[in-house]
Amino acid sequence: MIKLAILASGNGTNAQRISEYFAKSDSVRVDCIIYNVKDAYVAERARQLGVPAYYFGREDFYRNGRVLTFLKEHDIDWVILAGFLWLVPEDIIEAFPQHIINIHPALLPSYGGKGMYGGHVHEAVVANHEKESGITIHIIDNQYDRGQTLFQAKCQVTEEDTPDTLAAKIHKLEQQYFPVVIEKTVLG
């Protein structure tokens, strides 16, 4: 059984979708959800799904190594970033080489980097009158929104689109493709 740990910072719709997708799998299971914002709704989603959820603060990620220790103690095989807004520490990247998957709400390399997440991305895409946007699912490295691209899906951006309507289009792509690409990748 391949064990996933999902890292999230907010609402948790992608964490929920991934957890539901693998709930009946004989090969892959979501072992836990780790979140880094105390009142993030993802913790409630995890509770409703019956998936163990754990809060870890900045010190646990960057100073005392508690998150890495936790991942090792739980025999995690793959780490999935589902709306996780911090740069993953080098020790975790080294412990899980080529085994940390992220999703970004744009077609990287465009609209990536520090500060480019969620609504900020959609605002920039609409402001620049782009004709298309989409999602990028990728293996991470030690920089924001870099690393090997596994998959991209596109959607049209019209003159009528607002950041909110574009976000809805992107969310549909995330829900449709993220679990499938995770499954394909982790099963090799």
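The values are calculated or read from the model by the stated rules, or taken from the named source; none is laboratory data. All values derive from a computational prediction rather than experimental measurement. So basically every Cβ, Gly included, is an ideal-geometry build from the backbone, and we count neighbours across all protein chains shown.
Here Tyr111 fulfils each of the conditions (1) at pLDDT 95 or above; (2) crowded, with 19+ Cβ neighbours inside 10 Å; (3) closer than 23 Å to Lys184 by Cβ apart from (3).
Please go through segment 49-68 and give me each residue that is farther than 25 Å from Ala95 by Cα and touching a residue at least 24 places away in the same chain (Cβ under 8 Å), ordered by number. Show your work before the answer.
Just the residues of segment 49-68 that are farther than 25 Å from Ala95 by Cα, to begin with: 49-50.
The answer is Leu49, and nothing else.
A count restricted to segment 112-143 and to residues that are under 15 Å from Lys169 (Cβ atoms), under 16 Å from the mean Cα position of the chain (by Cα) and among the hydroxyl-bearing types (Ser, Thr, Tyr) stands at 1.
Scanning segment 1-19 for residues that are in a strand (DSSP E or B), surrounded by fewer than 20 Cβ atoms within 10 Å (Cβ to Cβ) and touching a helix residue (DSSP H, G or I) at 6+ places or on another chain (Cβ under 9 Å) yields a single hit, Ile2.
It is to be established whether one or more residues within segment 15-24 are on the phi < 0 side of the Ramachandran plot and at pLDDT below 95.
As a first pass, look at segment 15-24 and keep what is on the phi < 0 side of the Ramachandran plot: 15-24.
Narrowing the set further to residues that are at pLDDT below 95 leaves 24.
There is at least one residue in segment 15-24 that is on the phi < 0 side of the Ramachandran plot and at pLDDT below 95.
Within segment 20-64, the only residue that satisfies the criterion of being in contact with a helix residue (DSSP H, G or I) (Cβ under 6 Å, 6 or more places away or on another chain), assigned to a loop (DSSP other than H, G, I, E, B) and surrounded by 16 or more Cβ atoms within 10 Å (Cβ to Cβ) is Val51. Among the residues of segment 67-88, those identified as more than 16 Å from Tyr54 (Cα to Cα), in contact with a strand residue (DSSP E or B) (Cβ under 7 Å, 6 or more places away or on another chain) and not acidic (Asp, Glu) are Trp78, Val88.
Name the residue, out of Val126, Val67, that is surrounded by 21 or more Cβ atoms within 10 Å (Cβ to Cβ) and modelled with pLDDT of 95 or more.
Values: Val126 fails: surrounded by 21 or more Cβ atoms within 10 Å (Cβ to Cβ).
Of the residues listed, the single one that is surrounded by 21 or more Cβ atoms within 10 Å (Cβ to Cβ) and modelled with pLDDT of 95 or more is Val67.
Considering only residues in segment 144-175 that are among the polar types (S, T, N, Q) and surrounded by 13 or more Cβ atoms within 10 Å (Cβ to Cβ), the one that is farthest from the chain's Cα centre (by Cα) turns out to be Thr165.
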